[in-house]
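Working notes, beginning with the structure itself.
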Amino acid sequence: EPEVTQTPSHQVTQMGQEVILRCVPISNHLYFYWYRQILGQKVEFLVSFYNNEISEKSEIFDDQFSVERPDGSNFTLKIRSTKLEDSAMYFCASSLGSPYSNQPQHFGDGTRLSIL
Amino acid sequence: QKEVEQNSGPLSVPEGAIASLNCTYSDRGSQSFFWYRQYSGKSPELIMSIYSNGDKEDGRFTAQLNKASQYVSLLIRDSQPSDSATYLCAVRAGGSYIPTFGRGTSLIVHP
C-alpha cells in the first residue's frame, strides 16, 4: 500500500538554526499538509498546499515557516530560525482530493524535531 | 476560539466489551467529523468520518453524530487489546481546510 514517507525520523538542531523537514507524499495525491504535535498536546494544523501554492494556513504558520514542492515528489517544511518551542513531532499528510471532497488524509510517521 | 473537548482518560475496558469514546465541539458551523487512532509515538490513522446526524457503522466501529447537541462519539464493539491507543476527535468547519483536533482519549483494553 502506498504511504507517505518522512525524513529524517529525528532531527536535533541548535536554537536559531534553520531546519528542513522532508516528505514524499503518495504519488497521485494532489493536496499536501503539515501538522505538528508538541509532546502530550493536540495535533495542530500548520498549512495546506495545492497546485504549488499555500491554500490555507494557521496562526502558527508565521514568517519563520515556509513550504515548498521543489520537484515532482518532495514536499518540504522549512523553519528559518528555530526556537525551543518548535520542538515537536511534525507530520506530513497528503490526500487525493480536496478536504471539501472529504477525501481522507494519509499521514506519514512524522519527524521528531528537538531544538537544543 | 474553536474547541474540541475529549476526556483524556484513560478509559479501561475488558477485552470483548464495548468502548465508548465521546467528543464535544464548540463551533456550530462544523460540518465534518473524524475519528483517528494514534498509537504511542506513531502518526494518526483515520478510522471513521461522519458528516450527517445519526450513526455510521464500519466493522466494529460506529460513529454517532448529534449536531444539535454538538456531540460526536465512537463506539468500538468487541474491543481487542490491539485497540489500545489514543483516539483523536477532529472537527472541520464548512469552507475551511483546517481541522481542529481534541487532545484525545487514551483507551486501554485489558485481556
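Before moving on, here are some points about what is shown:
For (1) surrounded by 13 or more Cβ atoms within 10 Å (Cβ to Cβ); (2) of a type in the set (S, T, N, Q); (3) at pLDDT 95 or above, each residue gets a yes or a no:
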| site | (1), (2), (3) |
| --- | --- |
| A:Glu18 | no, no, yes |
| A:Cys23 | yes, no, yes |
| A:Tyr33 | yes, no, yes |
| A:Arg36 | yes, no, yes |
| A:Leu39 | no, no, no |
| A:Leu46 | yes, no, yes |
| A:Lys57 | yes, no, no |
| A:Gln64 | yes, yes, yes |
| A:Arg69 | yes, no, no |
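- Meets criteria (among the basic types (Lys, Arg) and within 16 Å of A:Thr111 (Cβ to Cβ)) for A:Arg69: no
- Some residue of the range B:35-53 being exposed (fewer than 13 other Cβ atoms within 10 Å of the Cβ) and away from chain A (no Cβ under 14 Å): yes
- B:Glu57, sole failed condition from (1) part of a strand (DSSP E or B); (2) open to solvent by 20 Å² or more (accessible area, probe 1.4 Å); (3) touching a residue at least 40 places away in the same chain (Cβ under 8 Å): (3)
- Filter result (assigned to a strand (DSSP E or B) and either within 21 Å of B:Ser40 (Cα to Cα) or more than 11 Å from the chain's Cα centre (by Cα) (or both)) within the range A:24-53: A:Tyr31, A:Trp34, A:Tyr35, A:Arg36, A:Gln37, A:Val43, A:Glu44, A:Phe45, A:Tyr50, A:Glu53
- Enumeration of residues in the range B:27-50 that are within 13 Å of the chain's Cα centre (by Cα) and outside any strand (DSSP E or B): B:Pro44
- Every pair of residues 6+ apart whose Cβ atoms lie under 9 Å, when the first sits in the range B:27-44 and is at positive phi while the second is part of a strand (DSSP E or B): B:Gly41/A:Met89; B:Gly41/A:Arg112
- Scanning the range B:1-26 for residues that are assigned to a loop (DSSP other than H, G, I, E, B) and either farther than 13 Å from B:Gly102 by Cα or polar (S, T, N, Q) (or both) returns B:Gln1, B:Gln6, B:Asn7, B:Ser8, B:Pro10, B:Glu15, B:Gly16, B:Ala17, B:Ile18, B:Ser26.
- Selected residue (criterion: nearest to A:Glu18 (Cα to Cα)) from residues of the range A:87-116 that are in contact with a strand residue (DSSP E or B) (Cβ under 7 Å, 6 or more places away or on another chain) and free of Cβ contacts under 8 Å to residues at least 40 places away in the same chain: A:Pro104
- Screening the range A:88-116 for residues that are over 16 Å from A:Val43 (Cα atoms) and open to solvent by 60 Å² or more (accessible area, probe 1.4 Å) and picking the one that is farthest from the other protein chains (Cβ to nearest Cβ) gives A:Leu116.
- The range B:60-111, residues that are part of a loop (DSSP other than H, G, I, E, B), more than 12 Å from every other protein chain (Cβ to nearest Cβ) and in contact (Cβ under 8 Å) with a residue 60 or more places away in the chain: B:Asp78, B:Ser79, B:Gln80, B:Pro111
The values are calculated or read from the model by the stated rules, or taken from the named source; none is laboratory data. From a predicted model like this one, the values you see are computed outputs, not experimental measurements. We place every Cβ from the backbone using ideal geometry, glycine too, and count neighbours over all the protein chains shown. Side chains are part of the model used for accessible areas, which takes the heavy atoms of the whole protein and leaves out ligands, DNA and RNA. Shrake-Rupley method; radii C 1.70, N 1.55, O 1.52, S 1.80 Å.
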